[in-house]
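*Asks:* I'd like to ask some things about the structure below.
Taken together, the values in this text are just the output of simple stated rules run on the coordinates, not laboratory data. Values in this document were obtained by computation on a predicted structure and should not be read as measured data. Glycine also receives a Cβ, built like all others from the backbone with ideal geometry; neighbour counts cover every protein chain displayed.
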Amino acid sequence: MAIPPSSIESLRASLTSSLIFTPGDEGYPESLRRWSDTGRKQAGIVIQPTTESDIVTALNWSQSQQTPIDLAIKCGGHSVSGTSSSSGGLVIDLSRLNTVSVDPSSQTITVAGGAVWRDVDETAAKYGLAAVGGTVNHTGVGGLTLGGGYGWLSGQYGLTIDNLLSARVVLGNGEIVTASERENPDLFWALRGAGYNFGIVTEFTFQGYEQKDPVYAGILAYTPDKVERVIEILNGLLLDKPDPRSGAIAIFARPPGAPVPMVNVLVFYNGTQEEGEARFAELLALEHVANTISMIPYSQMNSLQNPMATYGDRKSFKGVFFNPPLSPSFAGTMLAEFTEKVQSDADLGASGMILEFYDMGKTVSVPRDATAFASRGTTQNGIITLRWSDASKDLEHRAWARDVQERWKGLLEGEGGENLDVRGEAGVPQYINYAEPGDAVVGNIYGSNLPRLKELKRKFDPTNVFRKMHPIPLD
Ligand SMILES: Cc1cc2nc3c(=O)[nH]c(=O)nc-3n(C[C@H](O)[C@H](O)[C@H](O)COP(=O)(O)OP(=O)(O)OC[C@H]3O[C@@H](n4cnc5c(N)ncnc54)[C@H](O)[C@@H]3O)c2cc1C
């Protein structure tokens, strides 16, 4: 239902720091823009505040109207299903709240709730520091952190949430609180893995780490016939020669000009060129068609995938997971099926299948019940990311991706084992941030942390104001 114009006017009059967009305003179409067009919705009103007080005013307004107003919070806007968008309701778009400040003495980095990782990487670098952030630097600090957060530095320092020291949160009743190990520790627990259900985070403080030296990084590209050997090498590096300074992502995708999807491996080594070359010697020795590896500042690392992850078009983002060693023949089958799919429709040319190979030692050293993050385990994550422009193909492409997602789940179920509970009653294998609502293929994305999360939801958000991203039931 449309928001009455008089209500909109009363909100407009009470805001002091915000840009405000309603249908028909200049800038309104741009204010709806998301990373994927599938995430775009026609909001009733979008506000872009720069103060907490405007956030509180808008939040209170949305909750006090006679007819409830749908509320969405936006940071980087990467939700493909539109959990940071609203049809007809209020969007609080935090993107102008994007300051980053560094305390060199404690090496801590304080980040406003609407910043993207580029803001963090570039500011931290000025102080010779780095934070554990996402691998595509235009993703939002907000969504990525509140769902856990993996990045190139996770091998050394764990998840993004493992390096979160405190957060300022606007609760559903408009109260502003700090959450940390000392203040509101139960809220702090919930924020780290299920955070989008508990409030609007206006500020995150992270532990940073010294990162003055460049890193060894770039892409090695192989023809499809090399897929099994590449996966064998990546399995071996992960399991037989674990090294927390190292990581790799295999990306099945068609580089510009290539006739078919290739096997592209993005490698990372936080060390010298010699160390990187030694680490990836087997990959370097395998015949490849391109090699972009060089020594680069860490602050550039998370821009390397940007050309493959640009804004625009329609996208589906379906998380998969596997328990290493990944079967090379299964990976080969997946590449063949992916190739068949993208070759069948020129509109799908910019799609990809992504498989991460991260050292999980540091991540699993934290007990699963120490934070709300339920998929803390040794399973690795991947994403099937289809990209197309024809909206009439939405159902068809999503159905294909869901089917393939089920096949990955089936592989895991066939293997069995301690970390592989697809029912989700114990540790869950699926990463919450790679599972948009409706896409979780595990039965319970919060696993054994769900009962405590329900209790805390009743305590901190009893009227269920925040319910768009993997809602936690109140009962
Ligand atoms: C191209 C791409 C690359 C990615 N790479 C990685 C990666 O390397 N590592 C990784 O772990 N994940 C990665 N992800 C997944 C990513 O973590 C999630 O998509 C995340 O939700 C994106 O956050 P956002 O702020 O950009 O999105 P948004 O759509 O703005 O937000 C996502 C959800 O979080 C909520 N939210 C956001 N900020 C706040 C806040 N401050 N307070 C309260 N709620 C908030 C929103 O309401 C929404 O429900 C990637 C995703 C994409 C699309």
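*Asks:* Considering every pair of different Cα atoms, what Kirkwood radius, in Å, is found for region 100-211?
*Replies:* Computed over Cα pairs of region 100-211, the Kirkwood hydrodynamic radius comes out at 13.7 Å.
*Asks:* Same structure again: Using modelled amide H (1.01 Å from N, peptide plane; none on Pro or chain starts), what sits under 5 Å from the amide H of residue 42, excluding residues fewer than 5 places away?
*Replies:* Those qualifying (amide H under 5 Å, at least 5 residues apart or on another chain) are 88.
*Asks:* Between the helical axis of 394-415 and the dominant principal axis of the chain, each derived from Cα atoms, what acute angle in degrees is found, rounded to the nearest 10?
*Replies:* Orientation of helix 394-415: about 60 degrees from the principal axis.
*Asks:* Checking the cross-link filter: which lysines have an alpha carbon closer than 24 Å to that of residue 212, excluding same-chain neighbours under 8 positions apart?
*Replies:* 126, 362
*Asks:* Taking amide H positions as placed in the peptide plane 1.01 Å from N, state which residues far from residue 84 in sequence (5 or more) or on other chains have amide H under 5 Å from it.
*Replies:* 79
*Asks:* Still on this model: How big is the Kirkwood radius of region 5-94, worked out from every pair of different alpha carbons and given in Å to one decimal?
*Replies:* 12.9
*Asks:* May I pose another question? What does the charge count near residue 127 come to, summing +1 for each Lys or Arg and -1 for each Asp or Glu among other residues with Cβ under 14 Å from its Cβ? Walk me through the numbers on the way to the answer.
*Replies:* On the way: positive: 126, 212; negative: 103, 119, 121, 122, 210.
Charge balance near residue 127 sits at -3.
*Asks:* Per the helix-only calculation at 222 nm, which mean residue ellipticity applies to the chain, given -39500 (n - 2.57) for every DSSP H run of n ≥ 4 and division by its residues, nearest 500 deg cm²/dmol?
*Replies:* Value at 222 nm, helices only: -8500 deg cm²/dmol.
*Asks:* Strictly greater than 18 Å: what percent of every Cα pair in region 174-264 meets that?
*Replies:* 66
*Asks:* Using 0.36 nm times the number of residues separating residue 16 and residue 287, minus their current alpha carbon distance, what extension gain do you get?
*Replies:* So the chain would gain 91.5 nm between residue 16 and residue 287.
*Asks:* Moving to a separate point now. List, in order, the whole-Hz ³J(HN,Hα) value for each residue of region 128-137 obtained from phi through the Karplus relation with A = 6.51, B = -1.76, C = 1.60 and θ = phi - 60°; use x for Gly and Pro.
*Replies:* x, 10, 8, 10, 7, x, x, 8, 10, 6
*Asks:* Looking only at Cα atoms, what is the convex hull volume of region 193-334 per residue, in Å³?
*Replies:* Cα-based convex hull of region 193-334, divided per residue, equals 170 Å³.
*Asks:* Moving on to the next point. Compute the distance from the alpha-carbon center of region 395-416 to that of region 90-149, in whole Å.
*Replies:* 33
*Asks:* Then there is this: If I model a spin label at residue 294 and residue 239 as a point 7 Å from the Cα along the Cα→Cβ vector, what separation in nanometres do I get?
*Replies:* Taking the two extended label points, one gets 3.6 nm.
*Asks:* How long are the semi-axes of the equivalent ellipsoid of the chain, defined as square roots of 5 times the Cα gyration tensor eigenvalues? Whole Å, largest first.
*Replies:* 36, 25, 22
*Asks:* According to the square roots a ≥ b ≥ c of the eigenvalues of the Cα gyration tensor, what is the shape class of region 360-475, taking rounded for a/c under 1.5, prolate for a/b larger than b/c otherwise, and oblate for the remainder?
*Replies:* Cα axes put region 360-475 in the oblate bin.
*Asks:* A further question follows. Quick one: which residues, 5 or more positions from residue 271 or on another chain, have an amide H under 5 Å from its amide H? H modelled 1.01 Å from N in the peptide plane, none for Pro or chain starts.
*Replies:* Under 5 Å from the amide H of residue 271: 216.
*Asks:* Sticking with this one: Add +1 for every Lys or Arg and -1 for every Asp or Glu among the other residues with Cβ under 14 Å from the Cβ of residue 403, and state the total.
*Replies:* +1
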